[in-house]
Amino acid sequence: MEIINPSGLVDHVFLRCVEDCFEPIMLTDRSGCLTYVNPAWISTYGYDRSEALGKTPRLLRSPHQSEDFYRGMWKTILDSKVGFWRGEIVNQAKDGHLVPVLLTITPYREPSGGIIGYMGIAMDLTDQKKMEQQILHQDRLASIGMLAGGLAHEIGNPLGVIRGRAELVLNQVTGNESAQKNLRVIVGQIDRISGLIQSLLQVSRVPERIMLRPISLLPVVDEVLLLMGESCRRAGIEIRKNNLEQVIFAEPSHLQQLFLNIIINSMHAIEEQKLKNGLSQDHFIELSGEKFSEKKCIISVCDSGCGVSKENLKKIFQPFFTTKAAGKGTGLGLAIVLKLVEEMDGKASLLSDGSGFGATFKVEFKTP
């Protein structure tokens with residue numbers, strides 16, 4: 001039977017505590033070279049021990065902190081009146097993705113008091129930051145809702161009066177083409193303002209308590225394409241359908257508006273592609289379904305449009321974010337799409353490789 005002396009037992013327990021700790025832990029020597037990283041550190045940052053040991057923690061640095069920031073950090077650690085540093089930083093993993101952490105760095109010492117090295121313990125804040133962003137997003141929507149409600153009340157009625165008078169004058173200037181043209185522009189801009197207010201109300205409204213029920217996908221898609229088909233034909237856009245026989249849990253009017261907004265967005269992307277590149281290639285919007293799991297399916301809407309750059313992918317569903325020229329879009333269409341999907345207990349994402357050619361919306365639904 002192996003006998004462990006008290007000191008060895010303590011060493012063994014501490015090793016197990018560090019090895020099994022859920023938070024990333026690293027040790028360096030006095031010069032700052034890594035001498036130990038625990039499994040959680042390896043899992044979080046993606047480096048093998050052999051890649052990390054002997055290197056410095058610089059391999060985790062991201063552009064989010066400057067050299068001055070790190071100089072201030074080490075000044076605090078080496079200050080005898082403080083002796084440690086704690087704060088939030090953003091590290092970078094091996095594959096390039098960013099990892100926000102709450103980091104604590106403390107020296108560990110010899111019995112005589114001399115510094116042997118440094119220990120860093122990090123708490124991964126990724127999930128917390130996502131939740132903070134969701135709360136911030138909801139706060140923004142609440143502010144937009146208050147703004148939209150006020151606009152609808154204060155502007156809606158005067159706009160209605162202006163539009164009615166413009167139409168009245170339009171009927172009185174028969175034969176004056178210039179005056180009629182200007183009045184039609186006025187009416188069109190009034191309708192645009194009214195549409196913007198309604199979009200604001202829709203994207204910011206409190207989620208409805210809707211009853212999800214099994215819906216056959218294909219008839220809803222066919223109904224949307226009946227509305228948009230002529231516009232697509234005039235634009236030279238081919239509509240393709242594949243494997244849309246799924247039955248999903250949804251709300252019919254939500255589902256119809258969802259696909260209507262996505263198809264309109266794809267049409268705009270194709271129009272922009274034509275303007276940018278003058279391509280004579282075939283343009284298309286393809287809707288297809290695939291079984292994701294026993295209780296889920298994914299509906300994809302793929303287009304041959306201008307795509308989305310990598311830096312814009314994270315912002316594409318934010319209210320008022322648009323890549324269109326001024327006056328060409330409100331930036332609310334895809335925000336409405338996301339809200340409709342969430343109200344139907346689904347998930348939405350947009351994929352684009354940043355090449356400027358094509359994008360794919362993916363919407364996940366639950367199935368009976």
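Every number in this text was worked out from the coordinates using simple rules, so none of it is lab data. The shown structure was predicted, so the numbers you read here are calculated from the model rather than taken from an experiment. As a convention, Cβ positions derive from the backbone with ideal geometry for all residues, glycine included, and neighbour counts pool all protein chains shown.
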May I ask you to compute the full-extension gain from ILE162 to ASN243, defined as 0.36 nm times their residue separation minus their alpha-carbon distance, rounded to one decimal in nm?
24.3 nm
For the range 210-368, what size does the Cα cloud have along each of its three principal axes, sorted from largest down, in whole Å?
45, 30, 26
Taking θ = phi - 60°, what integer Hz values does the Karplus form 6.51 cos²θ - 1.76 cosθ + 1.60 yield along the range 33-49, in sequence order, with x for Gly and Pro?
7, 5, 10, 7, 9, 8, x, 5, 5, 4, 5, 6, 9, x, 8, 6, 4
Hey, rough spin-label estimate for LEU275 and LEU59, points 7 angstrom out along Cα→Cβ, what's it come to in nanometres?
4.8 nm
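With the cut-off at 22 Å, tell me which of the pairs LYS130/LYS314; LYS241/LYS315; LYS241/LYS310; LYS130/LYS347; LYS274/LYS314; LYS339/LYS362 have Cα atoms farther apart than that. Intermediate results must be reported in sequence, preceding the final value.
Numbers: LYS130/LYS314 12 Å; LYS241/LYS315 28 Å; LYS241/LYS310 27 Å; LYS130/LYS347 16 Å; LYS274/LYS314 25 Å; LYS339/LYS362 14 Å.
With Cα atoms farther than 22 Å apart: LYS241/LYS315; LYS241/LYS310; LYS274/LYS314.
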Quick calc, GLU23 & MET131: beta-carbon distance into FRET formula, R0 30 Å, rounding 0.05, result 0.95
Expected sort for VAL220, VAL185, VAL247 with the fewest Cβ neighbours (10 Å cutoff) up front is VAL185, VAL247, VAL220
Assertion target for ASP124, ASP68, ordered by fewest C-beta neighbours within 10 angstrom first, is ASP68, ASP124
Full extension between ASP353 and TRP74 adds, at 0.36 nm per residue less the Cα distance, a length in nm of 96.4 nm
